[in-house]
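The values are calculated or read from the model by the stated rules, or taken from the named source; none is laboratory data. These numbers come from a predicted model, not from an experiment. All Cβ positions, glycine included, derive from the backbone under ideal geometry; neighbour counts span all protein chains shown. Note: areas computed on protein heavy atoms with side chains; ligands, DNA, RNA excluded. Shrake-Rupley method; radii C 1.70, N 1.55, O 1.52, S 1.80 Å.
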Amino acid sequence: MIRKILTLIILSSIVYPQDGIAIAKLVDERKVPQDIVSKTTMLLTNSKGKTRTSTILSKSMNNGSKQILWFLNPADDKGVAFLKIEHDDKADEMRMWLPAFKKVRRIASSKKGDSFMGSDLSYEDMTNRALDENTYKRLDDDTIDSKACFVLEVVPNAEIKSTYSKHITWIEKETLMAIREESYDLGGNLRKKKIFLFESLSGYNVISNIFVEDIQKNHSTKLTMGDIKVDSGLDESLFQEKNLKRLPRN
Amino acid sequence: MRNRYIFLLLTCKILFGQISITGSLKPTGMFRLSDQSRMDLPFRLTELKLGYTMGDFDFMLNSAVEHRWGENMSAIDLREAYVIWFPNWGEVKFGKQIHAWGVADGNNPTDNLNAYDYYFMFLPGTDRKVGSLSAAMTVYWDDWQLEGVIIPDHIPNRMPFHEPDFPFQIPIEPSKYEKIDNSLEFGLRLKTTFGESDIGLSYFNGRDRSFSLLGVDTFNIIMISPKFGYRATTVFGLNMVTFIDDITIRAEAGYFTTENNYQESWFQFFETKAEYVQYVIQCEYRTASSFTIGAQLIGNHVLNAVGQTFDLATMGQTTLNTDNFTPGLGTPFAMIAEQSLSIVGSKTLFDESLELNYNLLINLDEKGQMIGVSAEYSFVENWFIDGSVSYFEGDGNPQNRFEQLEDFSHFQLQLAYRF
């Protein structure tokens, strides 16, 4: 009987951890695919309702710490490719292939606030948040669309020079997936609202839709991931400069 | 039966390949600022790039139709036609192609594998280059890259002779160029990453892309025959990309040695040996509001020049020195001024529908500058209207390069459809 009670206490402490960092660790340790391949449609909508659509082939591994993207559409972006490799011990590497110039251009990873290809996603939004680079505070739990959620306040540490002062993130308790996020600029004003949808695939929960609204610019970006494949056996060697130059066949 | 099988296999291979077609249609008009008269220079009316991927191979074709409004004449230009093989260890390219070396955005002193097309000198990237038949191989291992390029035939710059609307008038059009005994050219490039920096070394061994007067021969006492050709030149290059906080620095330098190595016994043979350095240092910064600003310091310094040359003023032979030596290889902008500063800026608005650019080129040696502004607006997907103004200002001295460019001040209008 005592053993059962102890087990119950331990389980409940896992399911309902008390502090923010414990929840963040659970999210971080969530089962994720080794690699993800998807064909993403990026829809940009400005304040006047004018839209622009891009199609991107994305391949990533190690929870997105290595990612390679090829632009398939529109015509003036076709062939442009982007490689990101996150490093623990040095600055991240970002390179772009510009077919018109026939050059791979190394770009600054320190400019985290730059927009990614005109979207409302910045390079910082596309980069994993390291646990030790942020402070996590648990706020009151909430319910979003009938889903019970943990709510975390994530404050980036000063040394990472984030373009945000904080994020408020809603994490679905059942799946430990972030489903909503609000990001605040350095002045403490709300900058972006993000909505994440996910689907279950081969035993993983994988993000299938991201909606980002830049409140200050009255501009939004919707990313819809199609043809999602997980654990397709991508090789580390894919994430090299030479592979930027060629649109993959699949 | 066997032939049918092979045919079937080939058909399947072709059908299961992947075809990529991109291109543009862009009628362009160029008009003088002084009197709004149309300038009669060729422009690329259409461009078509075809790519065909089959297994580890890509077949690339890049063609353009060059058009001139004045004579209403068009010409097809097969700019590139090459095949690329992508083995696991790198890439191998063969055919007529344009190589792009160097890390700066234009004005690269280490990018000497292809000739320049002076008609398209103000276009960006590879649009200003001429393709040449060549073979290239790149090997990648870890953070290292090694590329080797072999060019069997020397291709010179495409020069605009007898073009009254072109800013620089070339005084002489050689009727023939001296034959090059060994026209093989080659280049090697090594690149690696150290921490947050990319560093590269390069070597090129070939010939000048612009012609020089190599000597004078005589038919008889009163008839002389000038001898034109291309000096042998080697270039050692060094380049680097690094980051200082939010500023990106791209820098490259080339050390050139050149000589007239033709083995001829003309009446006058102009011995020429020279060393010069060209460099470009580029800094770029993006503001929080996505406004990109950049600056390039472009320089050309002749270190040493010995031999003889021909003086057009006295119409006689004279001693070559660092002042009268003209480089025949390297970035053309370094030849306009010994040292110049280029400042560029760009900003996109309305979801990248409108792109605004400005550029300012200042001659740091003598008074002279170019101011350019351009705007490109996409009014419907894939359709663009482009307008630009380029204004040149010299100091009143006819020898000043920017003074010579003053009448080239122009505005340009373009309607483009890209597919």
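Residues in region B:145-164 that are within 20 Å of residue B:211 (Cβ to Cβ) and either out of contact with any strand residue (DSSP E or B) (no Cβ under 8 Å at 6 or more places or on another chain) or of a type in the set (A, V, I, L, M) (or both): 7 in all. As for region B:64-78, it holds no residue that is at pLDDT below 95 and open to solvent by less than 10 Å² (accessible area, probe 1.4 Å). Keeping to region B:214-263, report how many residues are within 30 Å of residue B:297 (Cβ to Cβ) and of a type in the set (A, V, I, L, M). Total satisfying the criteria: 10. Per the listing B:329, B:415, B:405, the residue uniquely more than 14 Å from chain A (Cβ to nearest Cβ), in a loop (DSSP other than H, G, I, E, B) and either within 30 Å of residue B:48 (Cβ to Cβ) or open to solvent by less than 20 Å² (accessible area, probe 1.4 Å) (or both) is B:329.
In region B:274-296, the qualifying residues are those that are open to solvent by 50 Å² or more (accessible area, probe 1.4 Å) and over 19 Å from residue B:212 (Cα atoms), and the one that is farthest from the other protein chains (Cβ to nearest Cβ) is B:281. Considering only residues that are in contact (Cβ under 8 Å) with a residue 40 or more places away in the chain and assigned to a loop (DSSP other than H, G, I, E, B), look in region A:41-56 and name the one that is most open to solvent (accessible area, probe 1.4 Å). Restricting to residues being in contact (Cβ under 8 Å) with a residue 40 or more places away in the chain and assigned to a loop (DSSP other than H, G, I, E, B), the top hit is A:47. Annotation: of all residues in region B:104-148 being polar (S, T, N, Q) and part of a strand (DSSP E or B), the one that is nearest to residue B:279 (Cα to Cα) is B:145.
Residue count for region B:149-198, restricted to those that are assigned to a loop (DSSP other than H, G, I, E, B), open to solvent by 60 Å² or more (accessible area, probe 1.4 Å) and at pLDDT below 90: 12.
Taking every residue in region B:350-368 that is within 14 Å of chain A (Cβ to nearest Cβ) and pairing it with any residue that is at pLDDT below 85 and open to solvent by 70 Å² or more (accessible area, probe 1.4 Å), at least 6 positions away or on another chain, the pairs with Cβ-Cβ distances below 8 Å are B:350/A:50; B:351/A:50; B:353/A:50. For region A:67-97, a residue qualifies if it is of a type in the set (Phe, Trp, Tyr) and open to solvent by less than 10 Å² (accessible area, probe 1.4 Å), and the qualifying residues are A:70, A:71, A:82. Of the strands (runs of 3 or more DSSP E) lying entirely inside region A:153-250, those containing at least 1 residues that are open to solvent by 60 Å² or more (accessible area, probe 1.4 Å) and under 30 Å from residue B:17 (Cα atoms) span A:219-230.
Just to be sure, is residue B:228 part of a strand (DSSP E or B) and open to solvent by 50 Å² or more (accessible area, probe 1.4 Å)? When the stated conditions are applied, residue B:228 does not pass them. Considering only region A:130-137, I want to know if a residue exists there that is buried (at least 17 other Cβ atoms within 10 Å of the Cβ), within 14 Å of chain B (Cβ to nearest Cβ), on the phi < 0 side of the Ramachandran plot and not basic (Lys, Arg). No, there is no match, as no residue in region A:130-137 is buried (at least 17 other Cβ atoms within 10 Å of the Cβ), within 14 Å of chain B (Cβ to nearest Cβ), on the phi < 0 side of the Ramachandran plot and not basic (Lys, Arg).
Counting the residues of region B:249-259 that are among the polar types (S, T, N, Q) and surrounded by fewer than 21 Cβ atoms within 10 Å (Cβ to Cβ) gives 1.
Here residue B:384 fulfils each of the conditions (1) open to solvent by less than 50 Å² (accessible area, probe 1.4 Å); (2) of a type in the set (A, V, I, L, M, F, W, C); (3) under 22 Å from the mean Cα position of the chain (by Cα) apart from (3). Of the residues in region B:254-271, at least one is under 22 Å from residue B:115 (Cα atoms) and without any contact (Cβ under 8 Å) to a residue 24 or more places away in the chain. Here the condition is being under 20 Å from residue A:60 (Cα atoms), of a type outside the set (S, T, N, Q) and more than 9 Å from chain B (Cβ to nearest Cβ); of A:124, A:93, it holds for A:124 alone. Against the list (1) outside any helix (DSSP H, G or I); (2) touching a Gly at 6+ places or on another chain (Cβ under 7 Å), the condition residue B:396 fails is (2).
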